[in-house]
Amino acid sequence: MTINYFRHKLLKMFRKLHLFKREGVSVMRQVVHIIRKNDIEKGIIQTLKLELDYELATLFDAMNSQDEKLINDTKERLKEIYQQLEGLNALN
């Protein structure tokens, strides 16, 4: 066996390692991206649930004062919040 043969084998092995390293970095980036996206969605869901509580309290007050315009506006906002939560699969 010649030196060129071993050199060729070593270069081939290093290329595979380098390619694997690239793929590993790419996979790590995707994992980090998914984790960040999940954290952002959790924050959005928490905010929407707070808005939902606020709008329900507003609806309660509007119903007690018999303010039809505020009742209708609040119901519309509650529908929007419901649709957003449904889109995020947060209604479990």
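From (1) closer than 30 Å to residue 80 by Cβ; (2) at pLDDT below 70, pick out the condition that doesn't hold for residue 17.
(1)
Give me the residue from the stretch 31-77 that is polar (S, T, N, Q) and assigned to a helix (DSSP H, G or I) and, out of that set, modelled with the lowest pLDDT.
Taking the stretch 31-77 as the starting set, the residues that turn out to be polar (S, T, N, Q) are 38, 46-47, 58, 64-66, 72, 74.
Those left that are additionally assigned to a helix (DSSP H, G or I): 38, 46-47, 58, 64-65, 72, 74.
Values: 38: 83, 46: 94, 47: 95, 58: 97, 64: 97, 65: 97, 72: 97, 74: 97.
Per the stated criteria, the residue is 38.
Quick one: count up the residues across the stretch 42-59 that are free of Cβ contacts under 8 Å to residues at least 24 places away in the same chain and either surrounded by 14 or more Cβ atoms within 10 Å (Cβ to Cβ) or touching a helix residue (DSSP H, G or I) at 6+ places or on another chain (Cβ under 9 Å) (or both).
Of the residues in the stretch 42-59, the ones free of Cβ contacts under 8 Å to residues at least 24 places away in the same chain are 42-43, 46-47, 50, 53-54, 56-59.
So of that shortlist, the ones also either surrounded by 14 or more Cβ atoms within 10 Å (Cβ to Cβ) or touching a helix residue (DSSP H, G or I) at 6+ places or on another chain (Cβ under 9 Å) (or both) come out as 56, 58-59.
Within the stretch 42-59, residues that are free of Cβ contacts under 8 Å to residues at least 24 places away in the same chain and either surrounded by 14 or more Cβ atoms within 10 Å (Cβ to Cβ) or touching a helix residue (DSSP H, G or I) at 6+ places or on another chain (Cβ under 9 Å) (or both) number 3.
The values are calculated or read from the model by the stated rules, or taken from the named source; none is laboratory data. It should be emphasised that the depicted structure is a prediction, and the values quoted were computed from it without experimental measurement. Because the Cβ atoms are built from the backbone with ideal geometry, glycine has one as well, and the counts that use them run over all protein chains shown.
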